[in-house]
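For reference, the structure is listed below as structure tokens.
The values are calculated or read from the model by the stated rules, or taken from the named source; none is laboratory data. Bear in mind that the values here come from a model prediction, so they are computed numbers and not experimental data. Cβ coordinates were reconstructed from backbone atoms using ideal geometry, including for glycine residues, and neighbour counts include every protein chain displayed. All accessible areas refer to the heavy atoms of the entire protein, side chains included, with ligands and DNA or RNA removed. Shrake-Rupley method; radii C 1.70, N 1.55, O 1.52, S 1.80 Å.
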Amino acid sequence: MAPDREADTKPAAILVWDAPTRLFHWSLVALVFVSWLSADQGYMTVHLLSGLTLLALLLFRLAWGFFGSTTARFGDFLHAPPRVLRYLRGRGQRLHAGHNPAGGAMVMVLIAVLLAQAVTGLFATDSLHFTGPLALLVSEDASLRLTTLHGTIFNLILLLVWLHVVAVGFYLLVKGDNLIRPMVTGRKPASHVPDGLRLVFTHPVIAVLLLAVSIALVTALFFWGTT
């Protein structure tokens, strides 16, 4: 019998995550940790820089969700709530190159909550050692309310991070699907990717330009509030 050349040439793993998406993911993890640690230890200058960097990255991710590679685009992983619920109930299960419906929903919730955290931080104040760059643009009472909200949102972030870790652990230990390795290497086993997959990868230069614009916007916002 002749060998199956198609099977022999099929790659064991397929690139699904581009470098900008992976760098965003791990940078976000680092920045959330730095933001928590700096606030806990009272290093508010570091906390401010971390928060501004986080805001710039989130703005970049929003833009990358429209102009990035296939699996990074919102249109690829955002689904209507009924479909997400069907997936969570074990219905409509199929292979996904990027985020599955539940994972996509979690991504958007995390982005929204982190964005709210970064924005409220701009207006926050402790009336003693720290004043956010936009705090003087609102009343003292409003600033204090936003400061309280800033702390409350952080507790929500901790809950979401815990849910994310539990979900990743469930997929690894129960379903045998390692979600961490692809976010490091960018590649998924071919058996976990739909057949006939056609992904489009946006050139990294576009990512650099979008990041530069995001940084410029946050920098302008900072100087506008402090001048």
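General observations
- Where the chain is the region considered: accessible area per residue in Å², 1.4 Å probe: 59
- Rounded to the nearest 20 debye, the dipole size of the chain about its Cα centre is 800 debye, using +1 on the Cβ of Lys and Arg and -1 on the Cβ of Asp and Glu.
- Distance between the 7 Å Cα→Cβ label points at Ala19 and Asp126: 3.9 nm.
- Net +/- balance of residues flanking Pro189 in space, Cβ distance below 10 Å, scoring K and R +1, D and E -1: +2
- Membrane-span-like helices in the chain, defined here as complete DSSP H runs extending at least 24 Å along the helix axis by their C-alpha atoms with mean Kyte-Doolittle hydropathy no lower than 1.0, are 44-67, 101-122, 140-173, 204-226; this is a sequence and geometry rule, not a statement about a membrane.
- Taking trypsin sites (Lys or Arg not before Pro) in DSSP loop states with no more than 10 other Cβ atoms inside 10 Å as exposed sites, the chain has its longest site-free stretch at 1-88.
- Just the protein heavy atoms count here, and of the accessible area of the chain at 1.4 Å, carbon and sulfur take up 69 percent.
- Tensor-based shape of the chain (alpha-carbon gyration tensor, a/c under 1.5 rounded, otherwise prolate or oblate): prolate
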